[in-house]
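Below is one structure, written out as structure tokens; comments come after it.
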Amino acid sequence: MAFTVIFIGAVISLSVSTAFEDPLLVGGTESSWGRFPSAAFITTPTLSYCGAAVIHPEFVLTLAQCVLDRNGTHLPAHVEVIAGDLNIYPESVDRQTRGVVELIVHQNFTEFNLRNDIALLRLDRKFELPSNTVDVAIRRKRIVPNEASCQLPGWGIQRTTTDGKIVSVQKYLEVEILDRDLCNEAYIHEGRVRESMLCGGNLFQSTNAACSGNLGSPLYCDDQLTGVMSYGVNCGLANDPPVFSQVRYFNRWIDEEISKRAVK
């Protein structure tokens, strides 16, 4: 049985305009409205930002490490989910913000090597669908071949206004899937990349790269939700390509957990 925390109560609104210690995404192409309608982000008491993906009107998918603090968990009421917006700040009229009533962390998540780094968040109310800016992701079921071209949306810091607010719009990176054996070589990830993971990006220093704020960001291959970014968020350093929890590996777990809880 998955580790679960249930708390029903008032949602504490958290600001997403908090100053970030480093940029979220370097380079990339600015997204157009509706390009990644299932891409979302969450805020917690310890993280100003962590990526997520809408996979059901009532659930989003993110990382276990995004919702666990040093004591092993956050209260669901302290987590907020934001979807349907290309901006972190300022907010758009299409933004849909939800509270969380349940955190479902994979029962075999191990923090020291980030295996099974996946979690579901059950929302306090469903997203309003259909919507021009929010939609449920199509989850990938098939193996992604090496050298496949995929997209990673995230938010790159643009500038800070005079009142200290961050202006940030969604951009996306082109990510090439890399051979797992190559990523596991001693000078790169040293055997950490398992079958349940995907490795992608540039092995060499790059001006187009994800940074620490992109943990949990969804990876799309052929417009299907394929991965969730788990580690290798390096701002373009060499020999540290991004590694993703591979969604197809967890589809059965996701379906089983949602079927237990979803409002019919």
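The values are calculated or read from the model by the stated rules, or taken from the named source; none is laboratory data. What you see is a predicted model, and the numbers here were worked out from it, not measured in a lab. Every residue, glycine among them, receives a Cβ derived from its backbone with ideal geometry; neighbour counts consider all protein chains shown. Protein only, heavy atoms only, side chains kept; ligands, DNA and RNA dropped before computing areas. Shrake-Rupley method; radii C 1.70, N 1.55, O 1.52, S 1.80 Å.
For the reader, a short list of remarks on this structure follows.
- Computed extension length for K260-R95: 56.6 nm, one decimal, from 0.36 nm per residue of separation with the Cα-Cα distance subtracted.
- Relative contact order, percent, segment 42-132 [alpha-carbon distance under 8 Å, six or more residues apart]: 31 percent
- Other residues whose C-beta falls under 11 angstrom from the C-beta of I42 contribute a net charge of 0, scoring Lys and Arg +1 and Asp and Glu -1.
- Computed about the Cα centre, the dipole magnitude for the chain is approximately 660 debye when only Lys and Arg (+1) and Asp and Glu (-1) carry charge, each at its Cβ.
- Averaging the Cα positions of each part gives two centres, and for segment 81-136 and segment 23-71 these lie 6 Å apart.
- Solvent exposure, largest accessible area first (probe 1.4 Å, DNA, RNA and ligands not counted), of E190, E80, E176: E190, E176, E80
- The accessible-area ordering, largest first, of the residues H106, H78 stands as H78, H106, per a 1.4 angstrom probe.
- Exposure rank, largest accessible area first [D181, D240, D135; 1.4 Å]: D181, D135, D240
- Among beta bridges that DSSP assigns inside the chain, antiparallel share in %, nearest 5: 100 percent
- Dividing the mean sequence gap of close Cα pairs (under 8 Å, 6+ apart) by how many residues segment 130-264 holds gives a relative contact order of 24 percent.
- The Rg/Rh ratio for segment 25-182 is 0.97, where Rg is the radius of gyration of the alpha carbons and Rh is the Kirkwood radius.
- R192 paired with E176, simple spin-label distance in nm, labels 7 Å along Cα-to-beta-carbon: 2.3 nm
- Cα gyration tensor shape of segment 105-151, rounded if a/c is under 1.5, else prolate or oblate by comparing a/b with b/c: oblate
- A 1.4 Å probe, protein heavy atoms only, puts the accessible area of K260 near 130 Å².
- Percentage, to the nearest whole number, of Cα pairs in the chain over 30 Å apart: 21 percent
- Farthest positive-ward along the chain dipole, Cα basis, beta-carbon charges - from V136, T44, S32: V136
- For Y187, the accessible area of its heavy atoms, probed at 1.4 Å with every protein chain present, is near 120 square angstrom.
- Anisotropy class of segment 191-258 from Cα gyration tensor, a/c 1.5 cut: prolate
- Using C-alpha pairs below 8 Å separated by at least 6 residues, the relative contact order for the chain is 23 percent.
- Global form of segment 116-264, assessed from the alpha-carbon gyration tensor, a/c cut-off 1.5: oblate
- Electrostatic bookkeeping for A83 treats Lys and Arg as +1 and Asp and Glu as -1; over the other residues with beta carbon under 15 Å from its beta carbon, the sum is -2.
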